[in-house]
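The values are calculated or read from the model by the stated rules, or taken from the named source; none is laboratory data. Computed from a predicted model, the values in this text were never measured in an experiment. Every residue, glycine as well, gets a Cβ built from its backbone with ideal geometry; the counts of neighbours run over all protein chains shown.
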Amino acid sequence: MAPTDLLGYAAATLTTVAFLPQVIHTWRSRSAHGLSVAWLATFSVGVGCWLVYGVLTGSRPVIVGNGVTLALTALLAFLKWRY
């Protein structure tokens, strides 16, 4: 694997894992009161754009990282709607 791909996977892992505490906190507390709908929407669109960019350029680290981040953001949006 190329060093640039390793760096990409490391960056994707760190930025994606950064969402886990928020997802876990929201899940456990059964409250999404502190989550802004505007932030969720804006962030989701941005991550979706990065995902499309990754697909168009064939960058696997970008695809994987943003795919997982988009799934976590979708989960947060669901929890916001549910709670």
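Out of T4, T15, report the one residue that is in contact with a helix residue (DSSP H, G or I) (Cβ under 9 Å, 6 or more places away or on another chain) and touching a residue at least 24 places away in the same chain (Cβ under 8 Å). Lay out the reasoning, then the answer.
On the way: T4 fails: touching a residue at least 24 places away in the same chain (Cβ under 8 Å).
Every option except T15 fails the conditions.
Quick check on my filter: what residues within the stretch 3-22 are within 11 Å of T69 (Cα to Cα) and part of a helix (DSSP H, G or I)? Full working, then the answer.
We begin by selecting, within the stretch 3-22, every residue within 11 Å of T69 (Cα to Cα); these are 12-20.
Selection gives A12, T13, L14, T15, T16, V17, L20.
Return only the number of the condition from (1) crowded, with 18+ Cβ neighbours inside 10 Å; (2) among the aliphatic types (A, V, I, L, M); (3) farther than 15 Å from V23 by Cα that V55 does not satisfy.
Result: V55 fails condition (1) only.
Which pairs have Cβ atoms under 6 Å, sit 6 or more apart or on different chains, and link a residue in the stretch 58-81 that is closer than 25 Å to H33 by Cβ and of a type in the set (D, E, K, R) to one that is crowded, with 20+ Cβ neighbours inside 10 Å and modelled with pLDDT under 95?
What qualifies is K80/A32.
When residues of the stretch 24-70 are filtered for being more than 20 Å from A11 (Cα to Cα) and of a type in the set (D, E, K, R), how many remain?
Initial filter on the stretch 24-70 (more than 20 Å from A11 (Cα to Cα)): 24-42.
Add one more test, that the residue is of a type in the set (D, E, K, R), and what stays is 28, 30.
Residues flagged as more than 20 Å from A11 (Cα to Cα) and of a type in the set (D, E, K, R) within the stretch 24-70 amount to 2.
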